[in-house]
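Enquirer: Below is a structure I'd like to ask you about.
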Amino acid sequence: MARRLAPYLYALPGLLLLAVILAYPIGRGFYLSLHKYNLSSFSPPEYIGFENYKALFDDPMFIGAFQHTLIFVIVSLALEFVIGLMIALLLHQNFKGRNVLRGIALLPWMMPPVVTAFVWAWMLNGTYGILNYGLVKVGLISKPIAWLSSTDLALPVLIFVDVWQSTPFVMLVLLAGLQNIPESLYEAARIDGADALRSFRHITLPLLKPSASVALLMRTMIALRFFDAVWVMTRGGPASSTEVLATYAYKKSMLGFRMGFGSAATTVIFLLSFVMSIGYIWLILRRED
Amino acid sequence: MARLKLRSVLIYGAAVLLALYTLVPIVWVLLTSLKTEQETLAFPPRILPSGLNFDNYTKTILEGDYRYYAQNSLFIGVGGTLLVMVLAIASGYAYSKFFRYRAKNPLMIFIIIARMVPEIAIIIPLYFLMQSYGLYDTRIGVLLMMAAMAFPLATWLLKTFFDDVPVSIAEAATIDGCSSIGVLLRIILPISWPAIASTITITFLTIWNSFLIPLVFTKSAESKTLPVAISEVAYGEYGVNWGGLSAIAMVTIIPVFVIGLFAQQYLTAGLTAGAEKG
């Protein structure tokens, strides 16, 4: 009897923590999203059905935030996978100093995103930034660029900063995938007369797919909630050009005190992540079969 | 021979590029932290400081509130990691192959879904919850929330590592009269210490680097963490104390880089296990 109860006892404390701090707030958030609940007006929550969601999708700023998030996710993930694969292929070679270089390459991924954002805000500063100075000196640009106060450049800059920070994660997963491909496959291909490019296309890429797909899902989920660097570098500006879903929801609720409306926005973000986690569970279950 | 030479030129060229791309921004901030304000804002920019000038460090850390923020970050990081490890070792054991029970699969799916919950999705209800239990703007409140955020991944990592322990060892111990907790403490944990080290590393980094939850739930020097403090003063083109902030930024990444230096293999192992095995 004690033996049958044991696993439940081991799992219970952790489940309690998750129930209070994750599960309850998700449910409560959905409940609040069906209410008009403005903290600045001192009136209790008032049930209004799905009005908040209607207002949300009628708000051009929300639609903009949605679009920026999509652009951000697609462009930064594409870059992270291309650059990550190139770095993984490099670090898969045998050369002196490889382990040191691997340690260096990992550093950005380990840094707090807030610090990364600060580092690049300083590098890219319009007036004192070293990057502008260098580019002018080399002659690539004629006068300093205000990277973060341009509505055209701010989002690309944020994408760049995320690529700098997150590529090491993708690289590491792909590198582990590369190390799992048996050398004998390449030898067999060589005997059959395949050149390097062909064995890359027909052996390396297909065999990397399982690890790449898990990394892709995880990165997508994290990119959907992109917040830290935006908050430090642009706060969603200039002129909302870098507003993403998380900054939008944060502003409406924590700064605007519209808790019902804000909850509708956070519920949408949760649902997007939830769809991703279903895909993730499906991937894992398929592998365990 | 010529081909071999070309290959090594290409490899070392790419290696140097990668090292520069990664290190230049970090080194630039390190140099900035050692400059006087005049040197920081000089035009044309000075690459090297005139000498080792630690004013930025002493001023911000000794005179400002930053030493409290550093203490808070450390308290939340270390305490949160301890809490997560205790809970996750027990949970990882419960979800490992050593137990079979009906609720196992649904509970595991719940853990996976919990791992995907974005912080932004829960801050509004947590704001009310923390207020009503007097945990708003306290280190304990942030510690509990960050522990809940880091717990699912830690559990999952430990579960996959425990699954690699041979059943025969555990069975032999059970026959010798070891209880299930005895098997965990005396058999599984001692041989899983690399897994424990990996999980500790990843959990500590997750909590130390976290931003949105501390941003919402810390207001005063009682609980504010280093990333929140940096974010409050780093925004904007003018009037930012770049030298002082560079010093704080360096202080914030020192623990991270120490971990990178000493625990890189565990970090790598944990990270790839987390991505590969799910």
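Enquirer: Please go through the stretch A:47-71 and pick out each residue that is free of Cβ contacts under 8 Å to residues at least 12 places away in the same chain and surrounded by 11 or more Cβ atoms within 10 Å (Cβ to Cβ).
Expert: Hits for the stretch A:47-71 are A:LYS54, A:PHE57, A:ASP59, A:ILE63, A:GLN67, A:LEU70.
Enquirer: Go through (1) farther than 22 Å from B:LEU157 by Cβ; (2) more than 10 Å from chain B (Cβ to nearest Cβ) and name the single condition A:TRP282 misses.
Expert: Against the list (1) farther than 22 Å from B:LEU157 by Cβ; (2) more than 10 Å from chain B (Cβ to nearest Cβ), A:TRP282 comes up short only on (1).
Enquirer: OK, next. Starting from residues that are under 18 Å from A:ALA121 (Cα atoms), β-branched (Val, Ile, Thr) and in contact (Cβ under 8 Å) with a residue 40 or more places away in the chain, keep the ones in the stretch B:27-53 and report whichever is nearest to the other protein chains (Cβ to nearest Cβ).
Expert: B:VAL29
Enquirer: Is there a residue being at the interface with chain A (Cβ under 9 Å from one of its Cβ atoms) and over 22 Å from B:ASP55 (Cα atoms) anywhere in the stretch B:247-257?
Expert: Within the stretch B:247-257, one or more residues are at the interface with chain A (Cβ under 9 Å from one of its Cβ atoms) and over 22 Å from B:ASP55 (Cα atoms).
Enquirer: Only one residue in B:LEU82, B:LEU20, B:LEU87 is free of Cβ contacts under 8 Å to residues at least 12 places away in the same chain, in a helix (DSSP H, G or I), among the aliphatic types (A, V, I, L, M) and within 12 Å of another protein chain (Cβ to nearest Cβ), so which one is that?
Expert: So the residue among B:LEU82, B:LEU20, B:LEU87 that is free of Cβ contacts under 8 Å to residues at least 12 places away in the same chain, in a helix (DSSP H, G or I), among the aliphatic types (A, V, I, L, M) and within 12 Å of another protein chain (Cβ to nearest Cβ) is B:LEU20.
Enquirer: Give the residue, chosen from B:SER198, B:SER179, B:SER220, that is of a type in the set (S, T, N, Q) and crowded, with 17+ Cβ neighbours inside 10 Å.
Expert: Result: B:SER198 is the single residue among B:SER198, B:SER179, B:SER220 that is of a type in the set (S, T, N, Q) and crowded, with 17+ Cβ neighbours inside 10 Å.
Enquirer: Considering only the stretch A:84-102, state which residues are surrounded by 18 or more Cβ atoms within 10 Å (Cβ to Cβ) and either under 28 Å from B:ALA229 (Cβ atoms) or more than 7 Å from chain B (Cβ to nearest Cβ) (or both).
Expert: The answer is A:GLY84, A:LEU85, A:ALA88, A:LEU91, A:ARG102.
Enquirer: Now, a different point. Restricting attention to the stretch A:115-148, which residues are within 10 Å of chain B (Cβ to nearest Cβ), small (Gly, Ala, Ser) and loosely packed, with under 15 Cβ neighbours inside 10 Å?
Expert: Listed by number, the list holds a single entry, A:GLY134.
Enquirer: Give the residues of the stretch A:202-247 that are aliphatic (A, V, I, L, M) and in contact with a Pro (Cβ under 6 Å, 6 or more places away or on another chain), sorted by residue number.
Expert: Scanning the stretch A:202-247 gives a single hit, A:ALA229.
Enquirer: Moving to a separate point now. Would you kindly identify the helices (runs of 4 or more DSSP H) lying entirely within the stretch A:1-90 that contain at least 2 residues that are farther than 30 Å from B:ILE181 by Cα and under 26 Å from the mean Cα position of the chain (by Cα)? Give the steps one after another, and end with the answer.
Expert: Numbers: elements: A:2-18, A:24-33, A:51-58.
The helices (runs of 4 or more DSSP H) meeting that bar are A:24-33, A:51-58.
Enquirer: Which residue, of A:TYR10, A:TYR37, A:TYR24, is aromatic (Phe, Trp, Tyr) and more than 30 Å from B:ALA94 (Cα to Cα)?
Expert: Just one listed residue meets the conditions, A:TYR37.
Enquirer: So, one more: What do you reckon, is B:MET108 under 30 Å from A:SER253 (Cβ atoms) and facing chain A (nearest Cβ under 10 Å)?
Expert: Working: under 30 Å from A:SER253 (Cβ atoms): no; facing chain A (nearest Cβ under 10 Å): yes.
Answer is no for this residue.
Enquirer: Right, here's the next one. Checking A:VAL163 against (1) in contact with an Asp or Glu (Cβ under 8 Å, 6 or more places away or on another chain); (2) under 23 Å from A:MET218 (Cβ atoms); (3) modelled with pLDDT under 90, which test does it fail?
Expert: Of everything listed in (1) in contact with an Asp or Glu (Cβ under 8 Å, 6 or more places away or on another chain); (2) under 23 Å from A:MET218 (Cβ atoms); (3) modelled with pLDDT under 90, A:VAL163 misses just condition (3).
Enquirer: If you don't mind, another one. If you take the residues of the stretch A:227-274 that are within 20 Å of the chain's Cα centre (by Cα), more than 9 Å from every other protein chain (Cβ to nearest Cβ) and in a loop (DSSP other than H, G, I, E, B), which of them is surrounded by the most Cβ atoms within 10 Å (Cβ to Cβ)?
Expert: Within the stretch A:227-274, the match that is surrounded by the most Cβ atoms within 10 Å (Cβ to Cβ) is A:VAL244.
Enquirer: If you go through the stretch B:166-196, how many residues are free of Cβ contacts under 8 Å to residues at least 40 places away in the same chain, more than 30 Å from B:ASN209 (Cα to Cα) and of a type in the set (A, V, I, L, M, F, W, C)?
Expert: Total satisfying the criteria: 8.
Enquirer: If I ask for residues that are of a type in the set (Gly, Ala, Ser) and over 19 Å from B:ILE122 (Cα atoms), which ones from the stretch B:198-244 would you list?
Expert: The answer is B:SER198, B:SER220, B:ALA221, B:SER223, B:ALA229, B:SER231, B:ALA234, B:GLY236, B:GLY239, B:GLY243, B:GLY244.
Enquirer: Just to verify a result, which residue in the stretch B:110-146, among those that are among the small types (Gly, Ala, Ser) and outside any loop (DSSP other than H, G, I, E, B), is surrounded by the most Cβ atoms within 10 Å (Cβ to Cβ)?
Expert: Checking each candidate, the answer is B:ALA121.
The values are calculated or read from the model by the stated rules, or taken from the named source; none is laboratory data. Predicted model, so just to flag it, every value in this text is computed and none were measured. All Cβ positions, even for glycine, are placed from backbone atoms using ideal geometry, and neighbour counts span all protein chains on display.
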